[in-house]
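A short worksheet on the structure shown next.
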Amino acid sequence: MKQYVVDAFTDEVFHGNQAAVCVMEQWLSEELMMSVTRENNFSETAFTVKEGEKYHLRWFTPGGEIDLCGHATLGTAYVLFRFYEPEAERLVFSTMSGDLIVTKKGELLEMEFPAYELKSVHVTEAMAEALGVRPLEAWLGRDLLCVLDSEEQVRSLNPDQEKLMGLEGLLQHVTARGGETDCVSRSFAPKLAVAEDPVCGSGHCHIVPYWADQLGKEELVAYQASRRGGTLYCRREGGKIFMAGAAALYSIDELFV
């Protein structure tokens, strides 16, 4: 079975977010897909099978299957456009979060994702202890979004992973207004056995709605300030978030499973 490793939200390898992409003719068992995922030990491994005109896409973390993942969707689209569907201009993925569309936009690939509805929640002592800094605000969708005072706080954050496990949300994101970009962020997912997700597409389905409202603009450039780093070109249209980014191929492997 072919497996591709793609660095997403970057145009050069060793940056962005790694995703393994397995393009298959038929589905493997969930047990085997989890074994492959744990062997890779990336934040996500994507598995896809063409079904009619669409590709059925599933994402697995070392902690289990997840309902939405941006960077592994971008990585999968990159692989399919490059090696399987070179004449196509758009791809439709059938997923746990409904149909997701990826479109070629020059050198970038643009994904159409649902925006999460955010509700304001109280900033708690547990949040401050887990993050090591007290957020200015906290918002909850699928994930917890904590707003910090500065870009420097986001970049220097060293959270307590065990205490993050006790917070609300599937993932925990921190964000602040950026200097060279509209916003900066970092994403943590200890509940999924991922200490830090280097560039989190689904996280920006929380981050972009927040900053679109705060800044009064519908188009944003977002930077994920992890060690690897990555840039997302985002816009909000109604209940949809469009995220565009580049991708770089790291390897093509043959799996003996």
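Structure notes:
- No other residue among Glu151, Glu237, Glu218, Glu162 is on the phi < 0 side of the Ramachandran plot and crowded, with 18+ Cβ neighbours inside 10 Å apart from Glu151.
- Selection status of Gly106, under 17 Å from Met243 (Cβ atoms), of a type outside the set (A, V, I, L, M, F, W, C) and within 18 Å of the chain's Cα centre (by Cα): no
- Total residues in segment 232-257, condition out of contact with any strand residue (DSSP E or B) (no Cβ under 7 Å at 6 or more places or on another chain) and part of a loop (DSSP other than H, G, I, E, B): 3
- Selection from segment 180-210 of residues that are surrounded by 24 or more Cβ atoms within 10 Å (Cβ to Cβ), of a type in the set (A, V, I, L, M, F, W, C) and closer than 19 Å to Asp67 by Cα: Phe188, Ala189, Val199, Cys200, Cys205, Ile207, Val208
- Enumeration of residues in segment 74-108 that are aromatic (Phe, Trp, Tyr) and surrounded by 15 or more Cβ atoms within 10 Å (Cβ to Cβ): Tyr78, Phe81, Phe93
- The residues of segment 215-257 that are over 19 Å from Asn40 (Cβ atoms) and among the acidic types (Asp, Glu), listed by number, are Glu218, Glu219, Glu237.
- Yes/no for Met111 being hydrophobic (A, V, I, L, M, F, W, C), surrounded by fewer than 16 Cβ atoms within 10 Å (Cβ to Cβ) and under 18 Å from the mean Cα position of the chain (by Cα): no
- All told, Asn41 meets the bar of being of a type in the set (S, T, N, Q), within 20 Å of Phe188 (Cα to Cα) and surrounded by fewer than 24 Cβ atoms within 10 Å (Cβ to Cβ).
- Condition met for Leu215 (within 15 Å of Ala8 (Cα to Cα), of a type outside the set (Val, Ile, Thr) and touching a residue at least 12 places away in the same chain (Cβ under 8 Å)): no
- Scanning segment 101-127 for residues that are free of Cβ contacts under 8 Å to residues at least 24 places away in the same chain and among the hydrophobic types (A, V, I, L, M, F, W, C) yields Ile101, Val123.
- Taking the conditions (1) under 25 Å from Ile241 (Cα atoms); (2) touching a Lys or Arg at 6+ places or on another chain (Cβ under 7 Å); (3) hydrophobic (A, V, I, L, M, F, W, C) in turn, Val23 satisfies each one other than (1).
Readers should treat all values here as calculations from the given coordinates under stated rules, not as data from a laboratory. Every value quoted in this text rests on a predicted model; they were computed, and no experiment measured them. Here the Cβ is made from the backbone with ideal geometry for all residues, glycine too, and neighbour counts use every protein chain on show.
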